[in-house]
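Down below is the structure, laid out as structure tokens.
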Amino acid sequence: GKTTLLAPSALSADFTNLKASIELAENAGADWMHCDVMDGVFVPNITFGPFIIQAIKKCTSMVIDTHLMITDPDRYIEDFVKAGSDQVTVHLEACPHLHRTIQFIKSLGAKAGVSINPATPVSLLEPVLADLDLVLLMSVNPGFGGQKFIPGAIKKITQLDAMRKELNPELVIAVDGGVTEENCAEVIAAGADALIAGTAFFKAADPVKAAKKLKGLE
Ligand code: DX5
Ligand code: ZN
């Protein structure tokens, strides 16, 4: 079958040598660089904004996959696209006018993604599914790297996989949070196309080997 896309999360990179971390990911065969943007309001943590994404973009030809964990993302989407984001993912829980937000992302020339928290049902995505390039299913409560995978996420991947067959076969299903070399096979089997991996990639004893495992190549 096709290989799984791997998206290391910059959150777990070495920020004293960000360029080396990004090159490590790219050389290990990673497909996307996942950039976790947190505002301290939508989630209980603060990370970075467009300025850092611009720096990351300069270091790599990987797809820049920006995950906005921020309130009222419409205010900043354009800045994140201008900074070099190829894909912009917003949270359903943060968007009262989700359809409009998705169209806005696409109007700027970026791919549009929507993420849902562990407590949000997959069924809420139905009205917008046909418009989306990707769905980012959270398998932890967003805010921090290094958390434990919530087992209930597996059922949600299966549900979304069934839903897309009818509404949007091209949709990419990405899974974010607590993905490891131990559980990745189950996540892929359930229907995931892309795995986000912070800890499992950057904190691995051998990140190149970890990448192969996570991509289902070993
Ligand atoms: C969590 C972030 C994730 C996180 C993943 O809020 O959205 O992308 O960095 O890190 P791990 O793989 O360590 O759970
Ligand atoms: Zn993320």
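Assorted remarks:
- For region 62-144, a simple Cβ point-charge model (Lys and Arg +1, Asp and Glu -1, everything else neutral) yields a dipole of about 60 debye relative to the Cα centre.
- By the helix-only formula, in which each DSSP H run with n ≥ 4 contributes -39500 (n - 2.57) and the sum is divided by residues, the chain has a 222 nm mean residue ellipticity of -9000 deg cm²/dmol.
- From least to most packed, judged by other beta carbons within 10 angstrom and beginning with the fewest, Ser115, Ser123, Ser139 follow the order Ser123, Ser115, Ser139.
- Cβ-to-Cβ counts within 10 Å put Cys184, Cys95, Cys59, Cys35 in ascending order as Cys59, Cys95, Cys184, Cys35, the fewest first.
- Within a Gaussian network of the chain (alpha carbon springs, distance under 10 Å), most fluctuating of Asn117, Asn17, Asn183: Asn17
- If you wrap region 5-214 in the convex hull of its Cα atoms and look at it from every side, the mean projected area works out to 10.2 nm².
- Among Gly177, Gly29, Ala194 - extreme Cα towards positive end, dipole of the chain, charges at beta-carbon: Gly29
- Under the span-like rule (Cα at least 15 Å along the axis, Kyte-Doolittle mean at least -0.5), DSSP H helices of the chain: 153-167
- Placing +1 on each Lys and Arg Cβ and -1 on each Asp and Glu Cβ, with no other charges, gives the chain a dipole about its Cα centre of roughly 180 debye.
- With the convex hull of the Cα atoms taken as the outline of region 80-121, the averaged projected area works out to 3.1 nm².
- Here r is the Cβ-Cβ distance between Ala55 and Val208 and R0 is 22 Å; the resulting FRET efficiency, rounded to 0.05, is 0.40.
- Packing-based exposure ordering (other Cβ within 10 Å, fewest first) of Ile173, Ile22, Ile46: Ile46, Ile173, Ile22
- For the chain, modelled as a GNM whose springs connect Cα atoms under 10 angstrom apart, the maximal fluctuation among Val81, Val41, Val128 occurs at Val41.
- Relative contact order computed over region 5-214 (Cα-Cα under 8 Å; 6+ residues apart), in percent: 20 percent
Where a number appears in this text, it was derived from the coordinates with a stated rule and is not lab data. It should be emphasised that the depicted structure is a prediction, and the values quoted were computed from it without experimental measurement. Don't worry about glycine lacking a Cβ; one is built from the backbone with ideal geometry, like all the others, and counts go over all protein chains shown.
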